[in-house]
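For reference, the structure is listed below as structure tokens.
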Amino acid sequence: MSPTVPAILDYFRERGDFLLAELRSFVELESPSRDPGRIESFVDAYASLLDEAGLSCRRFPGEWGPQLLGELPGEDPPIVLVGHCDTVWPVGAVAERPVEMREGKLFGPGAYDMKAGLCIALGVVRFLADTGHQPRRRLQLFVAADEESGGTTGHPCMDEVLSPGSTAFVVEPPCPDGSVKVRRKGVGIYELRITGREAHAGVEPERGVSAVDELARLVLEIHGWNDPARGIQLNVGTISGGTAGNVIAGSASASVDLRFDNPADGEEFDRRLRALEPANPDATLEVDGDLCFPPLVPTAETLRLGEKACSIASELGLEISTGSSGGGSDGSYLSSKGFFVLDGMGVEGGGAHALDEHVVVESLAERAALLTAMVLAVDEPGFDSGAD
């Protein structure tokens, strides 16, 4: 017989100090995206904890660090807990903003997105080990190495080691009100690189071809494509170019972020970005990048999982619903590959990718209990994802 929801919550509340200490240690073990050495260090530390909890772990080497898969044996289709260990924060961010507690919140780079999610995913595994509960279905825990930079190595690994038809709980942060996520925007990440010709800006500017001028024109053109009514969002987030104020810029570059609600719109604006051309025929433009996360579009099974999560949450004293997010996630990718996905199963807080990033400490036990109870619920016979 499965434990009751109140009993699960009691288990995690009794271990609240331990959860908090472990989250602090995860945040202090920095793991910036595209830093393979530090990603590997975090994966090694996390894998050792999964090993202690009884999971069999495998690492899959990649350009930006290893992906990690932990498993408990059981029937198919599996239940998969999905997270990522990379953060947007560079090495040294924790030294600049040390982990601290204020007014019931733990502040620290990467705490909310998403070291806290990895903390409660590990909590699920420990709960099963401590209570001796053996899931009927195979349980997997997948930790991606490069979600924040688009999943270029994580997604192929998911294709290789995870099975469509699985139920996937993504431990990304929930909506601001704590609701789980059943809808997300699609995401494209691009870089524009313009090559012009350098010349002395005072002596013979006519010989030059300014890459900065070309980039400035293209930035304004791209921002003119924004269409909130269609859910189209484009942002030029960083720009660089030139070598000195008295030199016509011979090169310039910019990063572009694309968000969209409908797959067809993503494909349209992908084509438009690739079709951009400089106004000066003596300048050249390269466009690198791609659509990296499709939209998460609610399916009947997603909504069914969301309803169950809301029901369990009410037993925990939480009032949540199903919501949407403008951010991308590996959950969107898995949904497009035939997985039954419920996203936003992580810990409440705020400030993702911001200087005030934090986790609500009380939420650690509550969301660990919610995630655990959802795993046990879908493990029950008759709740297999896709069942009538």
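Overall, the anisotropy analysis places segment 54-128 in the oblate class: the square-rooted eigenvalues a ≥ b ≥ c of its C-alpha gyration tensor yield a/c not less than 1.5, with a/b not exceeding b/c. Computed from label points 7 Å out along Cα-Cβ, the spacing between Glu160 and Asn262 is 3.7 nm. At R0 = 41 Å, how high is the FRET efficiency between His353 and Glu14 if r is their beta carbon distance? Nearest 0.05 is fine. Using R0 = 41 Å, I get an efficiency of 0.80.
Treating only the Cβ of Lys, Arg, Asp and Glu as charged (+1, +1, -1, -1), what charge dipole size does the chain show about its Cα centre? Round to the nearest 20 debye.
Values: 32 positive and 62 negative charges, 53 e Å.
With Lys and Arg at +1 and Asp and Glu at -1, about 260 debye.
Ranking Ile222, Gly62, Pro381 by how far each Cα lies toward the positive end of the dipole of the chain (charges on Cβ) leaves Pro381 at the top. The distance between label points at His200 and Val247 comes to 1.5 nm (points 7 Å beyond Cα on the Cα→Cβ vector). Toward the positive end of the charge dipole of segment 111-186, about the Cα centre and with charges on Cβ (Lys, Arg +1; Asp, Glu -1), which of Pro174, Gly154, Val143 goes farthest? Among Pro174, Gly154, Val143, the one farthest towards the positive end of the dipole of segment 111-186 is Pro174.
Where the alpha-carbon atoms of segment 1-92 are placed on the principal axes, they occupy 44, 34, 21 Å, in descending order. Across segment 156-169, rounded Karplus estimates of 3J(HN,Hα) from the backbone phi angles (6.51 cos²θ - 1.76 cosθ + 1.60, θ = phi - 60°) give x, 5, 4, 4, 7, 10, 10, 10, x, x, 6, 8, 10, 9 Hz, Gly and Pro being marked x.
Using DSSP, restrict attention to beta bridges with both residues in the chain and report what percent are antiparallel, rounded to the nearest 5. Spell out each step's value before the answer.
Working: 50 of 69 bridges.
Here the share of antiparallel DSSP bridges comes out near 70 percent.
Heavy atoms of the protein chains alone define the surface here; on that basis the chain has 41 Å² accessible area per residue at 1.4 Å probe size. With contacts taken as Cα pairs under 8 Å and at least 6 residues apart, segment 160-213 reaches a relative contact order of 19 percent. Each listed q (0.12, 0.16, 0.18 Å⁻¹) maps to a log10 I(q)/I(0) for segment 231-388, found by the Debye formula over equal Cα scatterers with no solvent: -0.73, -1.04, -1.19.
Which order do the peptides 257-267, 92-102, 310-320 take when ranked by the mean count of other beta-carbon atoms within 10 Å per residue, highest first? Let's see the in-between values first.
Values: 257-267: 18.2, 92-102: 13.0, 310-320: 16.1.
Answer by packing, highest mean first, reads 257-267, 310-320, 92-102.
Within the straight-line cut-off of under 24 Å between alpha carbons, the lysines reachable from Lys308 are Lys181, Lys185, Lys337, sequence neighbours fewer than 8 places apart in one chain being disregarded. For segment 76-86, 3J(HN,Hα) computed residue by residue from phi via the Karplus equation (6.51, -1.76, 1.60; θ = phi - 60°) reads 9, x, x, 9, 10, 8, 10, x, 9, 9, 7 Hz, glycine and proline entered as x. Placing unit charges on the Cβ atoms only, positive for Lys and Arg and negative for Asp and Glu, gives segment 170-234 a dipole magnitude near 440 debye about its Cα centre.
Available extension along the chain between Ala279 and Ser25 is 86.2 nm, counting 0.36 nm per residue and deducting the alpha carbon span. Give me the percent of the accessible area of segment 1-121 that comes from carbon and sulfur atoms, probe 1.4 Å, all protein chains in place. About 52 percent, which is the carbon plus sulfur part of the accessible surface.
With Cα atoms as the point set, the radius of gyration and Dmax of segment 5-55 evaluate to 13.9, 41 Å.
Cα gyration tensor of segment 10-164, axes a ≥ b ≥ c as square roots of the eigenvalues: rounded (a/c below 1.5), prolate (a/b > b/c) or oblate? Oblate shape, in that a/c is at least 1.5 and b/c is the bigger or equal ratio.
Between Ala229 and Glu286, what length comes free when the chain is fully extended (0.36 nm per residue of separation minus the Cα-Cα distance, one decimal in nm)? Show your work: numbers first, answer last.
Numbers: separation 57, 0.36 × 57 = 20.52 nm, distance 2.97 nm.
Result: 17.6 nm gained on full extension.
Charged side chains reduced to their Cβ positions (Lys and Arg at +1, Asp and Glu at -1) give segment 93-180 a dipole of some 460 debye around its Cα centre.
The values are calculated or read from the model by the stated rules, or taken from the named source; none is laboratory data. All values derive from a computational prediction rather than experimental measurement. Ideal geometry is used to build each Cβ from the backbone, glycine not excepted, and the neighbour counts take in all protein chains shown. With ligands, DNA and RNA removed, areas are computed over all heavy atoms of the protein, side chains included. Shrake-Rupley method; radii C 1.70, N 1.55, O 1.52, S 1.80 Å.
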